[in-house]
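The values are calculated or read from the model by the stated rules, or taken from the named source; none is laboratory data. The model shown is predicted, which means the values in this text are computed figures rather than measured ones. Cβ placement follows ideal geometry from the backbone for every residue including glycine, while neighbour counts extend to all protein chains displayed. We work out accessible area using only protein heavy atoms, side chains counted, and drop any ligands, DNA or RNA first. Shrake-Rupley method; radii C 1.70, N 1.55, O 1.52, S 1.80 Å.
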Amino acid sequence: MQNAVYMDYQATTPCDPRVLAAMIPYFCEEFGNSGSSSHVMGERASEAVEKARAQVAALIKCHSAEIIFTSGATESNNLALLGAARFYRERGNRIIISSLEHKCVLEAANSLKREGFEVVILPVQENGVLDPAVLRESINEKTILVSIMAVNNEIGVIQPVAEIGAICRGRGVLFHSDAAQAVGKIDVDAASMDLMSISGHKIYGPKGIGALFVRMNPRVRLTPLLYGGGQERGFRSGTIPTPLCVGLGEACELSQREMVAESLKLTEFKNYFIRKIFDNLERVQLNGDQELRIPGCLNFSFEGVEGEGIMLGMRDICVSSGSACTSASLEPSYVLKALSVREDLAHSSLRIGFGRFTTFEEIEYASSRIIEVVKRLREMSPIW
Ligand SMILES: *Cc1c(COP(=O)(O)O)cnc(C)c1O
């Protein structure tokens, strides 16, 4: 195999050619500003944006008007946490998140501490799933917001967001979910949520676009991060990037249409991959719950070898590791730490992500290469 095998679908996904085709007319031909409502070019851009908004809304089962376009899930998460905390600070100052949240949620929450908020970081169980009872106990009368991701980006574990949402609603607390890794892959229903973040480039759409679902009934209010022309119901000023919105809309519609078939294919790949790894290597573990997970994300720990070392041994396979060397810090993955994965096993972890354009040949090749490199590294290791 000449070219690289891309198995890092949680970091980003390729843009689907059908998404790109839908976007192209909106760069050079239909380039109007969707805010220019007094001429036809503006009108046509606005129609395209509204169609895209409806496509996003259909996927998560909400009203079009509840979709706010942003630059990505990082911005959506920041707007949800900072915006809700600042708007509702008279109600209370306690915010609850989980230890598995993406850095942008952790850091947004962290920044709120400097504004006088109390941030509670809930532990998860060893399978990576948050126990709803733990959340229920941590909500008090000062709590204004709970933010729990729907699917984790490192281990692929699915959280019981419907149950978590019901608990929050029962206590009159806002519930936000970072659904960047969930939308388009599993059924995600906005019904149990007040705020939800989506990212374009995680679902075969373009980079630089995302959305935030903001419930209208009962109405959720947010203090904006950006002020200006008052676009997006005043939540997010700035000229709307029509081609990117069209791309996100198309990506959502394709995901909705193909989710069931795609998930079946990826489940077969997943089962094959896991069986082959366990049949050929000893002392391997699959991190995170064995059942409550999306099929396109596997996180293994290969005892006795560094994740980074495996990657260096197979440069043509694009995966990601939870070991220290890939990141700027010396600490291994905080997500694996939160699952109480032993430190050496966290360093020996590898995340394998596959999706829409992955072929069985690539699954076969990548798994064989991993087995071969792990065996070789173990043979070379004096402590193995
Ligand atoms: C990728 C990702 C983000 C950030 O999304 P961007 O659109 O790249 O800003 C946030 N949360 C999760 C879970 C992600 O996987």
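Pull up the stretch 96-124, narrow it to residues that are away from the ligand (no atom under 16 Å from the Cβ) and touching a residue at least 40 places away in the same chain (Cβ under 8 Å), then point me to the one that is farthest from Ile198 (Cα to Cα).
Looking at residues that are away from the ligand (no atom under 16 Å from the Cβ) and touching a residue at least 40 places away in the same chain (Cβ under 8 Å), I get Pro123.
Quick one: in the stretch 231-244, of everything that is open to solvent by less than 40 Å² (accessible area, probe 1.4 Å) and not in a helix (DSSP H, G or I), which residue is nearest to Ile67 (Cα to Cα)?
Applying the filter and picking the extreme gives Phe235.
Give the stretch 327-345 a look and list any residue that's touching a Gly at 6+ places or on another chain (Cβ under 6 Å) and modelled with pLDDT of 95 or more, or say none.
Within the stretch 327-345, Leu336, Leu339 qualify.
Residues are listed down the side, and each one gets a yes or a no for (1) touching a helix residue (DSSP H, G or I) at 6+ places or on another chain (Cβ under 9 Å); (2) of a type in the set (Ser, Thr, Tyr); (3) not assigned by TED's automatic domain parsing to the domain that holds Gly234:
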| residue | (1), (2), (3) |
| --- | --- |
| Gly35 | yes, no, no |
| Ser38 | no, yes, no |
| Gly42 | no, no, no |
| Ala48 | yes, no, no |
| Arg53 | yes, no, no |
| Ala58 | yes, no, no |
| Lys61 | yes, no, no |
| Glu66 | yes, no, no |
| Phe69 | yes, no, no |
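Using beta carbons and a limit of 6 Å, which pairs, at least six apart or on different chains, have the first residue in the stretch 39-63 and over 25 Å from Val161 (Cα atoms) and the second one small (Gly, Ala, Ser) and assigned to a helix (DSSP H, G or I)?
Ala52/Gly249
Condition first: crowded, with 20+ Cβ neighbours inside 10 Å and not in a loop (DSSP other than H, G, I, E, B). Now tell me which residues in the stretch 120-150 satisfy that.
Leu135, Thr143, Ile144, Leu145, Val146, Ser147
Going by the structure shown, is Glu308 touching a residue at least 12 places away in the same chain (Cβ under 8 Å), among the acidic types (Asp, Glu) and closer than 23 Å to Pro382 by Cα?
yes
Take the stretch 1-31 and flag every residue that is surrounded by fewer than 20 Cβ atoms within 10 Å (Cβ to Cβ) and either free of Cβ contacts under 8 Å to residues at least 60 places away in the same chain or in contact with a Ser or Thr (Cβ under 8 Å, 6 or more places away or on another chain) (or both).
Residues satisfying the conditions are Gln2, Asp8, Ala11, Pro17, Ala21, Pro25, Cys28, Glu29, Glu30, Phe31.
How many residues are of a type in the set (Asp, Glu) and more than 16 Å from the ligand (Cβ to nearest atom) when one looks only at the stretch 149-174?
We begin by selecting, within the stretch 149-174, every residue of a type in the set (Asp, Glu); these are 154, 163.
Now narrow it down to the ones that are more than 16 Å from the ligand (Cβ to nearest atom): 163.
The qualifying residues number 1.
Restricting to the stretch 79-93, and then to whatever is open to solvent by 40 Å² or more (accessible area, probe 1.4 Å) and in contact (Cβ under 8 Å) with a residue 24 or more places away in the chain, can you tell me which residue is nearest to Val173 (Cα to Cα)?
In this case the residue turns out to be Arg91.
Say whether the condition of being within 16 Å of the ligand (Cβ to nearest atom) and either among the aromatic types (Phe, Trp, Tyr) or at pLDDT 95 or above (or both) is met by at least one residue in the stretch 130-143. Give the derivation first.
Going residue by residue through the stretch 130-143, those that are within 16 Å of the ligand (Cβ to nearest atom) are 130.
Still in the running and either among the aromatic types (Phe, Trp, Tyr) or at pLDDT 95 or above (or both): 130.
Yes: one or more hits.
Going through Ser197, Ser177, Ser237 one at a time, which residue ends up being within 16 Å of the ligand (Cβ to nearest atom), free of Cβ contacts under 8 Å to residues at least 40 places away in the same chain and among the hydroxyl-bearing types (Ser, Thr, Tyr)?
Ser177
Among Arg342, Arg275, which is farther than 27 Å from Ile121 by Cα, over 22 Å from the mean Cα position of the chain (by Cα) and free of Cβ contacts under 8 Å to residues at least 60 places away in the same chain?
Every option except Arg275 fails the conditions.
Take the conditions more than 11 Å from the ligand (Cβ to nearest atom) and either assigned to a strand (DSSP E or B) or modelled with pLDDT under 95 (or both) and apply them to Val188. Does it pass?
In short, no.
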